Amino acid sequence: MPPVTRLRPFTSTIFAEMSALAVEHDAVNLGQGFPDTDGPETMLDAARDAISGGRNQYPPGIGIPELREAVSEHQRDHYSLDYDPADQVLITVGATEAIAGAILGLVEPGREVVMIEPYYDAYAAAVALAGGVRRTAPLVADGDGFVLDRDALAAAFGPNTAAVVVNSPHNPTGTVLSDDDLAEIARLTIEHDVVAITDEVYEHLIFDGREHRPLATFPGMPGRTLRISSAAKTFHVTGWKVGWISGPAELVAAARAAKQYLTYVGSGPFQPAVAHALRHEMPWVQADAAKLQSKRDLLSKALADAGFRVHRSEGTYFVCADPRPLGIADGAAFCRELPARIGVAAVPVSAFVDHPDEWRHLVRFAFAKRDDTIAEAAQRLRLL
Ligand code: PMP
Ligand code: GLN
């Protein structure tokens, strides 16, 4: 029996597909975004201590108090945002569950959700699960970077809009939305009286001296924004699946209503470890962001040397490259043959869009890898 109609477009993920090809061909995996080094040692010790200390049963449904407090303090320290750990912070099974919980809890069937194209694949699947309708506004090329098409964004909002999903720093392009773009998103969100769901999992992985500005810090936004983040990318623990949502109590409660029947809870012994990391390991994260910036430079240069036109990445784990100068116009076909051809895996940006024509060529590469991994990939890319 096939899956239900609304899930048929989502039977496999591009990450699973490309990682499987990478394994099959022993390729350097620059596709799925995971680092090949561990996070801070004291955080790993805290997880081991939690397991040997018997913290292996269900944590409270909203997350352990020390993690909710650490999440709350973290946002006060970094952005002067105030969330009461009692009912304005919810711990989730990664940002993925936070996104699904927010959308399932807040979007009625038939209502529309605006998102920026390209969009992280989980948004589309969550909207489909909710029976909602996806509306997109594209990023458009601006020099070697991307900016939001504000006219398209305004046109995507309408009387049936329930929410807008905003992801900055942006996966897959590495774009950091400008304050002007964020202000326009805020203006439309308020004008249409809808909720903003912000995916800020790359909030600390931002380069060239730029600063992350949460949408929730814009006037009029704290009361209508659900802010989502996660330990995965910040602390190199993509397998731990510890995420969180912060926002007004009634919006958090809506997300929680869905979340508690998806998993109820998860990642018990990892929750105290992430609380520890948020409190004590932000200097490690800062140093990691500086390292990531130089890895971005290494991989961007390798791609340019191999003949790609490389876009500017301002944050995240990713850089996008245009293979058309190499005579390649179909990024998806290229990614499918790349592991066998030269032993490198990447991800086609067309997997994250509704309008493939504009994005057909583009390919995403992950640079959150050891320098020797990037050097090996660089050597292989030269074979193109
Ligand atoms: N949103 C974006 C933009 C991502 O890149 C990822 C992957 N880290 C997620 C959400 C999912 O995060 P998690 O692994 O915490 O579920
Ligand atoms: N967030 C990771 C990426 O963009 C992948 C997560 C996943 O495999 N679903 O590469």
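Amide hydrogen proximity for S168: with H placed 1.01 Å from N in the peptide plane, the residues at 5 or more positions away or on another chain lying under 5 Å are D199. Label separation (Y264 vs D354): 3.7 nm, computed from points 7 Å beyond Cα along the C-beta direction.
Can you bin the stretch 75-221 into rounded, prolate or oblate? Criterion: square roots of the alpha carbon gyration tensor eigenvalues sorted a ≥ b ≥ c, rounded for a/c under 1.5, prolate for a/b above b/c, oblate for the rest. Rounded shape, in that the Cα axes give a/c under 1.5.
The relative contact order of the stretch 36-183 comes to 17 percent, based on Cα pairs under 8 Å that sit 6 or more residues apart. As a calculated quantity, the FRET efficiency between A375 and H25 at R0 = 22 Å, using C-beta atoms, amounts to about 0.70.
Label the stretch 1-96 by shape, choosing from rounded, prolate and oblate, from the square roots a ≥ b ≥ c of the eigenvalues of the Cα gyration tensor; if a/c is under 1.5 it is rounded, and otherwise prolate applies when a/b is larger than b/c, oblate when it is not. Note, shape of the stretch 1-96 comes out prolate.
Among the chymotrypsin sites (Phe, Trp or Tyr not before Pro) in the stretch 237-286, those located in a DSSP loop and surrounded by at most 15 other Cβ atoms within 10 Å of their own Cβ are Y264. Assign one of three labels to the stretch 28-75, namely rounded, prolate or oblate, based on the Cα gyration tensor with a ≥ b ≥ c the square roots of its eigenvalues; rounded applies when a/c is under 1.5, prolate when it is not and a/b is larger than b/c, and oblate otherwise. The shape class here is prolate. Here the simple spin-label model places points 7 Å from the Cα toward Cβ, and for D82 and A287 these points are separated by 3.5 nm. Relative to the current alpha-carbon distance between V133 and Q57, full extension at 0.36 nm per residue lengthens the span by 23.6 nm.
Can you find, among M221, T373, A162, the residue sitting farthest towards the positive end of the charge dipole of the chain, where Lys and Arg contribute +1 and Asp and Glu -1 at Cβ? It is T373.
Could you calculate the contour length gain from R187 to R8, that is, 0.36 nm times the residue separation minus the distance between their Cα atoms, to one decimal place in nm?
Stretched out fully, the R187 to R8 stretch lengthens by 60.9 nm.
Check the chain and count each lysine pair with an alpha-carbon distance under 22 angstrom, considering only pairs eight or more places apart or from different chains. Eligible lysine pairs with Cα atoms under 22 Å apart amount to 11. Farthest towards the positive end of the charge dipole of the stretch 70-180, among the residues Y120, Y83, P109, is the Cα of P109, using unit charges on the Cβ of Lys, Arg, Asp and Glu.
Coordinate-derived values only; no laboratory data. Just so it is clear, the model here is predicted, and its values are computed rather than measured. Cβ atoms come from the backbone with ideal geometry, glycine included; neighbour counts cover every protein chain shown.
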